[in-house]
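Where a number appears in this text, it was derived from the coordinates with a stated rule and is not lab data. Quick caveat, the model's predicted, so the values are computed rather than measured. Cβ placement follows ideal geometry from the backbone for every residue including glycine, while neighbour counts extend to all protein chains displayed.
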Amino acid sequence: MSELTWIIDPATGNLVVEGLTMEKVPTTVGDLLPDGRELNCAQPLGCPTMRVPTDPSGVTLRVARIYHGSVVEGPGRRSVVQLQGCPIRCHGCAVPETHDPTGGISLGVADIIAALLDPMGEPRDGVTVLGGEPFFQHVGLLALLRDLKSRNIHTVVYSGYRLETLARRPEPEIRQALSLTDLLIDGPFIAALSDDAGEWRGSRNQRLVHNPGRCLHPDLP
C-alpha cells in the first residue's frame, strides 16, 4: 500500500487522508470512518459565492473561485484564490474550466483581498494562489502578493512552469512576484505521475521551492 498522510483540521475536526483513492476507502478504512468525499488540489468540496465587484479601478485579476479552510494546498489551514486562464493546459488537468482566459469574473485586487481575509476563513495560516496559471496574469499576481506580504501573510503560489523557466522570462513583475512568494510549487501536472505525489503536489515531478526569490539571488543573506 502507498504511504498515507492523515491531516486533521483543528478548526473543523475534518479529516483528510492523502494517498488513498475513493475506490480503496471501503477496504482500507471503511470500518473506521463514515463515507467520505473526494478532495483534490484546486477542487474544493465547496466554495462561497464570490461577491459582486465593488472596486473596478486599479489592477484586476480574472478569478475562477475563492475558498477557505484548505489543508491540501500548502502548510496549515489556508484561504485560496484560483485564477483564471492557462496557456499550458496540461493533459488530464482536473480543472480544465480554468483554462479559458475569458472565464471567471474580473475582480480588483482590493476585492480579492477582502474575500481572502474574510473572517469566515479564520483561523488561517496563509493564502495560496493557484490556477489556471497564476503567472499568466503576472501584473495582477504581483499586486496581490504585494498586498498580502504587506500584511505579513504567508504565501504559496502554484505554477505549471518550472522556476528556471520563470527566471528566464523578461517581465520584471515575474521575478518580483517570486521574491514575494514563500513557497512555490512548480512544474506541470503529469497524470502518469499523480500516484503518491506527496504533500500538496498533484504529480511527483512537481517541486516545493521555499523562498524562490532567494534561488534567483543566492548571494542574498
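Return the distance in nm (one decimal) between the two label points of a simple spin-label model at Ala167 and Val139, each offset 7 Å from Cα along Cα→Cβ.
2.7 nm
Which order, highest average first, do 144-156, 91-103 follow once you tally other Cβ atoms within 10 Å for each residue and take the mean per peptide?
Descending packing order for the listed peptides: 144-156, 91-103.
Using a 7 Å offset from the Cα along the Cα-to-Cβ direction at both Thr102 and Glu199, what is the distance between the two label points in nm, to one decimal?
4.3 nm
What does the extension gain come out to for Gln176 and Asp125, with contour length at 0.36 nm per residue minus their alpha carbon separation?
Stretched fully, the Gln176-Asp125 segment lengthens by 16.1 nm.
Of the beta bridges DSSP finds with both residues in region 117-221, what % are antiparallel, to the nearest 5?
35 percent
Provide the packing ranking of 76-89, 163-176, 117-130, 203-216, i.e. peptides ordered by the mean count of other C-beta atoms within 10 Å per residue, highest first.
Top of the packing list down: 76-89, 117-130, 203-216, 163-176.
Normalised by the number of residues in region 39-216, what is the relative contact order in percent for Cα pairs under 8 Å and 6+ residues apart?
That works out to 20 percent.
If you restrict to DSSP beta bridges whose two residues both lie in region 39-216, what percentage is antiparallel, to the nearest 5?
Of all bridge pairs located within region 39-216, approximately 55 percent are antiparallel.
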